[in-house]
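Trainee: For reference, the structure I am asking about is given below.
The values are calculated or read from the model by the stated rules, or taken from the named source; none is laboratory data. It should be emphasised that the depicted structure is a prediction, and the values quoted were computed from it without experimental measurement. A quick note on method: Cβ atoms are made from the backbone with ideal geometry, for glycine too, and the neighbour counts reach across all protein chains shown. Protein only, heavy atoms only, side chains kept; ligands, DNA and RNA dropped before computing areas. Shrake-Rupley method; radii C 1.70, N 1.55, O 1.52, S 1.80 Å.
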Amino acid sequence: MNALVIGSTGLIGRHLVRKLLSQGYIVTGTSKSSHQSLFQSPLYKHQSLDVTKIESFKQLSREFDIV
């Protein structure tokens, strides 16, 4: 299953990403920062974007099962 975590570098987001990865989810994390190295997993992809701008969501190229 594909998951999108908005705010993946924040306190709650980091814990959520770790949990999803441990359960085998393919996770795309988004945040304004570019801390891609927080998660060393082939199942994790990070995209830096500003979620306050609707145009930013057009950068997301995948369909997600959960957000």
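Trainee: Determine the share of the chain's accessible area contributed by carbon and sulfur atoms, expressed in whole percent, with a 1.4 angstrom probe. Mind showing how you got there, number by number?
Mentor: Values: 2400 of 4380 Å².
Carbon and sulfur together cover 55 percent of it.
Trainee: Around Phe39, under 12 Å between beta carbons, what's the net of Lys plus Arg minus Asp minus Glu among the other residues? Write down the numbers at each step before the final one.
Mentor: Numbers: positive: Arg14, Arg18, Lys19, Lys45; negative: none.
Counting the neighbours of Phe39, the net charge comes to +4.
Trainee: Accessible surface of Val51 in the full protein assembly, 1.4 angstrom probe, to the nearest 10 Å²?
Mentor: Looks like 60 Å² after rounding.
Trainee: Can I ask one more? When mean projected area of the Cα convex hull in nm² is calculated directly from the model, which label among [x] 4.8; [y] 4.1; [z] 4.5 fits?
Mentor: Among [x] 4.8; [y] 4.1; [z] 4.5, the one calculated here is [y].
Trainee: Could you work out the longest stretch of the chain that avoids the trypsin sites (Lys or Arg not before Pro) located in DSSP loops with at most 16 other Cβ atoms within 10 Å?
Mentor: 1-31
Trainee: Evaluate the distance, in nm, between pseudo-label points positioned 7 Å from the Cα of Leu43 and of Ile6 along their respective Cα→Cβ axes.
Mentor: In this crude label model, Leu43 to Ile6 measures out at 2.3 nm.
Trainee: What's the extension gain from Asp65 to Gln23 if we count 0.36 nm per residue and subtract their Cα-Cα distance?
Mentor: Taking Asp65 through Gln23 to full extension adds about 13.7 nm, to one decimal.
Trainee: Counting only the backbone N, which residues of the stretch 21-65 are under 16 Å from the spot 7 Å out from the Cα of His15 toward its beta-carbon?
Mentor: Once the point is set 7 Å along Cα→Cβ of His15, 21-22 turn out to lie under 16 Å by backbone N, inside the stretch 21-65.
Trainee: Run the reach check for Lys32 against lysines, Cα to Cα strictly under 16 Å, same-chain hits fewer than 8 apart removed. What comes back?
Mentor: Reachable lysines: Lys45, Lys53, Lys58.
Trainee: What is the helix-to-structure angle for 11-22, meaning the angle in degrees between its Cα long axis and the longest Cα principal axis of the chain, kept from 0 to 90 and rounded to the nearest 10?
Mentor: Orientation of helix 11-22: about 50 degrees from the principal axis.
Trainee: Given an 8 Å cut-off on Cα distances and at least 6 residues of separation, report the relative contact order of the chain as a percent.
Mentor: Relative contact order for the chain comes out at 36 percent.
Trainee: Averaged per residue, what accessible surface does the chain expose to a 1.4 Å probe, in Å²?
Mentor: 65 Å²
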